[in-house]
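Worksheet for the structure shown next.
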Amino acid sequence: MDGTTVPRWDAFVGIDIAKDTYDAAFGVEGDIVTFDYDAKGFQQLCSRLRPLGRCLIVVEASGGLQRRLVADLLDQGFAVAVVNPRQVRDFAKGHGLLAKTDRLDAAILARFGRDVQPRTVSKTSANQAELMQLLARRRQVLELQIMESNRLPMATSKVTRRSIERVLKLLGQQLERLDQAIAELIQSDDNYREQDQILRTVPGVGPVTSSTLLGELPELGKLNRQQISALVGVAPFNRDTGTLKGRRCICGGRSTVRAVLYMAALTARRCNPVIRAFADRLTKRGKPIKVVLTACMRKLLVILNTLLRNKTPWQPKIHASTP
């Protein structure tokens, strides 16, 4: 869905996913059935979905638990929307639905689908699914490396220090292998390779930023600047009421993308003439450092979005005027 037309759904199905099972609510007031999270359970689910006609299936982003089910449903031609759990919980509270069980959550997801009709997701290519898993694993290994590095200065025992150092060495090797696997995957895909070359022409954008954007933000280059900023979570939202003018702030979005954009903005502020000049102007106007960095993140993201949309490399004279 592109947001311009709202399809006429015949039914709305909410699915609450756990590790070994999932509960499916077939309509707002329909049956709620529990299925095993395996091939047999999926066949049973499909046999219940097909008679419904054109149905919108709504699931929550459950830390990756939903990926296999979503991929299987898309392969079978079903329309699926993956929604933010906090948004669904706020929706439930707004309707006075405070109780929380797996079966109730499934019914709430069906109702959320009917009332909100969230945007459906598109089928993920094999390379994108692989890249997303590699990036997720890289973040996990990096977190472990940081944790061990923080423990090392406090270790007074020689045996403890040697243990930590061995783990750090192993984690460093794992990071190198993951970086190599990510680079090889990008180079093996013609589309990824072209986009990576364009992104990395921008001063401040390195291999980690580029690969994360390619894997975690496939919408880059396909949306306008307001949409892409809101999707990532770097668009300031108004908080005004009556005569009170509240502070603008960012919220929501994709935290993994914001994390790499933050580091890229720090680097770009030093070596990218457009971002540096933009940051200097905001600083002279008395803006706090956090506001300056967030604005730099947004400007950098808008520039990258424009580059991919137009399939052109970095041109500082043109992008100096980017809002």
(request) Please determine, by comparing only the residues of segment 171-203 that are outside any helix (DSSP H, G or I) and either out of contact with any Leu (no Cβ under 7 Å at 6 or more places or on another chain) or among the acidic types (Asp, Glu) (or both), which one is most open to solvent (accessible area, probe 1.4 Å). (result) 200
(request) Could you tell me which of the residues 175, 170, 214, 199 is touching a helix residue (DSSP H, G or I) at 6+ places or on another chain (Cβ under 7 Å), of a type outside the set (Asp, Glu) and farther than 30 Å from residue 277 by Cβ? (result) 175
(request) Working only within segment 204-222, note down all residues that are buried (at least 16 other Cβ atoms within 10 Å of the Cβ) and in a helix (DSSP H, G or I). (result) 208, 209, 210, 211, 212, 213, 214, 215, 216
(message) Pairs needed: first member in segment 64-77, under 18 Å from residue 51 (Cβ atoms); second member anywhere, not in a helix (DSSP H, G or I); C-beta distance under 8 Å; at least 6 residues apart or different chains.
(response) 73/57; 73/80
(request) Please enumerate the residues belonging to segment 53-73 that are more than 17 Å from the chain's Cα centre (by Cα) and surrounded by fewer than 18 Cβ atoms within 10 Å (Cβ to Cβ). (result) 53, 54, 72
(message) Looking at segment 96-110 only, could you name the residues that are over 19 Å from residue 34 (Cβ atoms) and either hydroxyl-bearing (Ser, Thr, Tyr) or open to solvent by less than 80 Å² (accessible area, probe 1.4 Å) (or both)?
(response) 96, 97
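Assigned to a helix (DSSP H, G or I) and in contact (Cβ under 8 Å) with a residue 24 or more places away in the chain, is that true of residue 159?
Taking the combined requirement at face value, the residue does not satisfy it.
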(request) Can you give me the number of residues within segment 145-167 that are among the hydrophobic types (A, V, I, L, M, F, W, C) and touching a helix residue (DSSP H, G or I) at 6+ places or on another chain (Cβ under 6 Å)? (result) 4
(request) Scan (1) open to solvent by less than 20 Å² (accessible area, probe 1.4 Å); (2) touching a residue at least 60 places away in the same chain (Cβ under 8 Å) for the single condition residue 41 breaks and write down its number. (result) (2)
(request) Name the one entry in 258, 254, 309, 269 that is open to solvent by 40 Å² or more (accessible area, probe 1.4 Å), over 24 Å from residue 193 (Cα atoms) and of a type outside the set (A, V, I, L, M). (result) 269
(request) Determine which single condition residue 35 fails, assuming it passes every other condition in (1) buried (at least 18 other Cβ atoms within 10 Å of the Cβ); (2) more than 29 Å from residue 136 (Cα to Cα). (result) (2)
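The values are calculated or read from the model by the stated rules, or taken from the named source; none is laboratory data. Note that the structure is a prediction, hence the values are computed from the model and not measured. For neighbour counting, all protein chains shown are included, and Cβ atoms are generated from backbone atoms with ideal geometry for every residue, glycine included. To get the accessible areas, we keep the full protein, side chains included, count just its heavy atoms, and leave off ligands, DNA and RNA. Shrake-Rupley method; radii C 1.70, N 1.55, O 1.52, S 1.80 Å.
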